[in-house]
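Peer 1: The structure that follows is given in the form of structure tokens.
The values are calculated or read from the model by the stated rules, or taken from the named source; none is laboratory data. All of these numbers come straight from a predicted model, not from anything done at the bench. With ideal geometry, Cβ positions are generated from the backbone for all residues, glycine too; neighbour counts draw on all protein chains shown.
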Amino acid sequence: MQKGLAEQRAGRKKPANLSAASAADLAAVLTPTFTDVKYGPHTRNVLDFWLAKSAKPTPAVAFIHGGGFTAGDKSKIRGDRLVQKCLDAGVSFAAINYRYRTDTPIQDVLRDCARAIQFIRWKAAEWNVDKARVASYGGSAGAGTSLWRQEITRGNVFAHRIVLYEGEPYDIADL
């Protein structure tokens, strides 16, 4: 029997807001395994990647920052407890930058994000990632880009099943 969102949330504590000091402390501890890795030719085509410790290939989640496609940066995710939650759950984590639409058409911005995901899959063997289980999420422009990416990769079941709500992962197959 499928569980509703309220049932999935039962027993989970709502994450406390981070103070500036605790966010800075968490950011210092959560240094990416790889920083500013180039995935394309533009100077903003870079990503940070945190490897989850695992003997077998891990799923990966990529954060795509918001900012209306005209602002924002991958560094926004540093200090977010979700990075540590993913790593603790055996899920590797990425944060990507992309070109702004003030410099290039929106189609190129979207392709930058898709290219970053393809790059992570290309690095799968080296980074111990299960290339069939790479998902993305974000806020605002990053959320829209993730939905677009999901639509063009309909064969990726993992990307379709996992959603983040209030900083917690949920399997929509249980809803």
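Peer 1: Any residue at all in region 21-43 that's aliphatic (A, V, I, L, M), at pLDDT 95 or above and surrounded by 13 or more Cβ atoms within 10 Å (Cβ to Cβ)?
Peer 2: yes
Peer 1: Note down all Cβ pairs under 7 Å where the first residue falls in region 113-140 and is touching a residue at least 12 places away in the same chain (Cβ under 8 Å) and within 22 Å of Tyr100 (Cβ to Cβ), the second is outside any helix (DSSP H, G or I) and among the hydroxyl-bearing types (Ser, Thr, Tyr), and they're at least six residues apart or on different chains.
Peer 2: Cys113/Tyr98; Arg115/Tyr39; Ala116/Tyr39; Ile117/Ser136; Phe119/Tyr39
Peer 1: Can you tell me which residues in region 78-106 are within 17 Å of Arg149 (Cβ to Cβ), in contact with a helix residue (DSSP H, G or I) (Cβ under 8 Å, 6 or more places away or on another chain) and without any contact (Cβ under 8 Å) to a residue 60 or more places away in the chain?
Peer 2: Selection gives Phe93, Ala94, Ile96, Asn97, Tyr98, Arg99, Arg101.
Peer 1: Then there is this: Just need a number here: residues in region 65-96 that are under 13 Å from Val46 (Cα atoms) and in contact with a Ser or Thr (Cβ under 9 Å, 6 or more places away or on another chain).
Peer 2: Keep residues of region 65-96 that are under 13 Å from Val46 (Cα atoms), which gives 65, 73-75, 94-96.
Narrowing further to those that are in contact with a Ser or Thr (Cβ under 9 Å, 6 or more places away or on another chain): 65, 94-96.
Counting residues in region 65-96 that are under 13 Å from Val46 (Cα atoms) and in contact with a Ser or Thr (Cβ under 9 Å, 6 or more places away or on another chain) gives 4.
Peer 1: Keeping to region 148-174, report how many residues are over 22 Å from Thr58 (Cα atoms) and either at pLDDT 55 or above or surrounded by 14 or more Cβ atoms within 10 Å (Cβ to Cβ) (or both).
Peer 2: Residues meeting the conditions: 3.
Peer 1: On to the next question. Looking only at residues that are buried (at least 18 other Cβ atoms within 10 Å of the Cβ), of a type in the set (D, E, K, R) and modelled with pLDDT under 95 in region 56-87, which one is nearest to Cys113 (Cα to Cα)?
Peer 2: Arg78
Peer 1: Out of the residues in region 63-80 that are in contact with a strand residue (DSSP E or B) (Cβ under 6 Å, 6 or more places away or on another chain) and aliphatic (A, V, I, L, M), state the one that is farthest from Tyr98 (Cα to Cα).
Peer 2: Per the stated criteria, the residue is Ile77.
Peer 1: Within region 29-77, track down each residue that is in contact with a helix residue (DSSP H, G or I) (Cβ under 8 Å, 6 or more places away or on another chain) and among the basic types (Lys, Arg).
Peer 2: Listed by number, the residues that qualify are Arg44, Lys53.
Peer 1: Still on this structure: What number of residues within region 100-137 are within 22 Å of Leu82 (Cβ to Cβ) and hydroxyl-bearing (Ser, Thr, Tyr)?
Peer 2: Residues flagged as within 22 Å of Leu82 (Cβ to Cβ) and hydroxyl-bearing (Ser, Thr, Tyr) within region 100-137 amount to 2.
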